[in-house]
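K.L.:
Structure incoming, see below.
Derivation of every value follows stated rules applied to the coordinates shown; laboratory data play no part. None of these values were measured; they are calculated from a predicted model. Virtual Cβ from ideal backbone geometry, glycine too; neighbours counted across all protein chains shown.
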Amino acid sequence: MKKLNIYFTAGIPQLEDTAEIIQLIQDSGADMIEIGMPYSDPVADGPVIQKAHERALKNGMTIEKLFSQLKSIKNELKIPLILMGYINPVLSFGFEKFCKECSESGVSGLIIPDLPPIEFEKNYQKILQKYHLNFTFLITPETSNERILYLDSLSSGFLYAVSSSSTTGNQNADLKNEDYFSKISSLALKNPVMIGFGIKTKQDFENVTEKAAGGIIGTAFVDILLSHRNWKNEAIDFIHSIKA
């Protein structure tokens, strides 16, 4: 079975909904959960997730608050939980303190797109290993084979392949990028590859996972949390529709 990773931004629709959404995603059959840590300048994200970051910050979401919410359901977690965010808030919190909190909150890995691999190797890799945390790098259609292999060697858990060179939720994301997907699957990578950006339907999910271990859905799910009064039923139905 191909793995489904569902992303949502912590602190939406309401500040205290995070734990319930985690349970809902897990109970609906997803294989992994990726939680976005709200940030005032989420450069890699499209309008829907930017709006989610704004709403979450307005609601009062902080890294401290998120860790406290995660600890409250740590014992019920049965699938991997990954935190995704930008490096500045993590550095403000204190990188080692952040990793320690992750390990005590049931978090299994991190994705920090704006942390350069050289910096990662030099300053942060050992700290992550100390707290038994995976770290995932992103690749794009423009990433050379040599660099893909390098980023794969630094990653653990999985390698995140961005479907096309765009922001999250891009309506024109190329989900049939045969050359790119074939290139990735032909390389001797140590990590499974998960493809994200632009997946909205079961057909999209099947397209991208033909040559990958799984798919990551963010914008389509976040849109449900932001747009539907009856978001719980909508969110469950959406995950079921992908996994059916």
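K.L.:
Mean residue ellipticity at 222 nm from the helices of the chain, using -39,500 (n - 2.57) per DSSP H segment of n ≥ 4 over the full residue count, to the nearest 500 deg cm²/dmol?
P.N.:
Working: 11 runs with 106 residues, N = 244.
It comes out at -12500 deg cm²/dmol, rounded to the nearest 500.
K.L.:
While we're looking at this one, here's another question. Per 0.36 nm of contour for each residue apart, how much would the distance between Asp41 and Leu154 grow if the chain were fully extended, relative to their Cα-Cα spacing? List each step's numbers first, then the result.
P.N.:
Working: separation 113, 0.36 × 113 = 40.68 nm, distance 2.60 nm.
Between Asp41 and Leu154, full extension yields an extra 38.1 nm.
K.L.:
Calculate the translational D of the range 174-244 in whole µm² s⁻¹ from Stokes-Einstein, where the hydrodynamic radius comes from the Kirkwood formula applied to all Cα pairs, the temperature is 20 °C and the viscosity 1.002 mPa s.
P.N.:
Numbers: Rh = 13.2 Å.
Translational diffusion coefficient: 162 µm²/s.
K.L.:
Still on this structure, I have one more. Please compare each pair in Lys58/Lys97; Lys58/Lys200; Lys3/Lys130; Lys3/Lys78; Lys71/Lys126 to a cut-off of 22 Å on the Cα-Cα distance and tell me which ones are over it.
P.N.:
Working: Lys58/Lys97 25 Å; Lys58/Lys200 27 Å; Lys3/Lys130 27 Å; Lys3/Lys78 14 Å; Lys71/Lys126 24 Å.
As for pairs spanning more than 22 Å Cα to Cα, those are Lys58/Lys97; Lys58/Lys200; Lys3/Lys130; Lys71/Lys126.
K.L.:
Also: Each residue of the range 188-199 in order: what ³J(HN,Hα) in whole Hz does its phi give by Karplus 6.51 cos²θ - 1.76 cosθ + 1.60, θ = phi - 60°, with x for Gly and Pro?
P.N.:
So the Karplus estimates, Gly and Pro as x, are 7, 8, 7, 9, x, 9, 10, 9, x, 5, x, 7 Hz.
K.L.:
Counting Lys +1, Arg +1, Asp -1, Glu -1, what net charge surrounds Ala161 among other residues with beta carbon under 11 Å of its beta carbon? Provide the component values of the computation, followed by the final result.
P.N.:
Values: positive: Lys183, Lys211; negative: Asp152.
Around Ala161, the charge tally is +1.
K.L.:
Could you please state, rounded to a whole Å, how far the C-alpha centre of the range 92-135 is from the C-alpha centre of the range 8-81?
P.N.:
After rounding, the separation between the Cα centres reads 18 Å.
K.L.:
Read through the labelled values (1) 29, 21, 15; (2) 25, 23, 16; (3) 42, 25, 12 and report the label of the one computed as semi-axes √(5λ) of the Cα gyration tensor in Å from the structure.
P.N.:
Read-out from the structure maps to (2).
K.L.:
For a label point 7 angstrom out from the Cα of Ser241 toward its Cβ, which stretches of the range 195-211 have the backbone nitrogen within less than 13 Å?
P.N.:
Only 200-205 fall inside the zone, counting backbone N under 13 Å.
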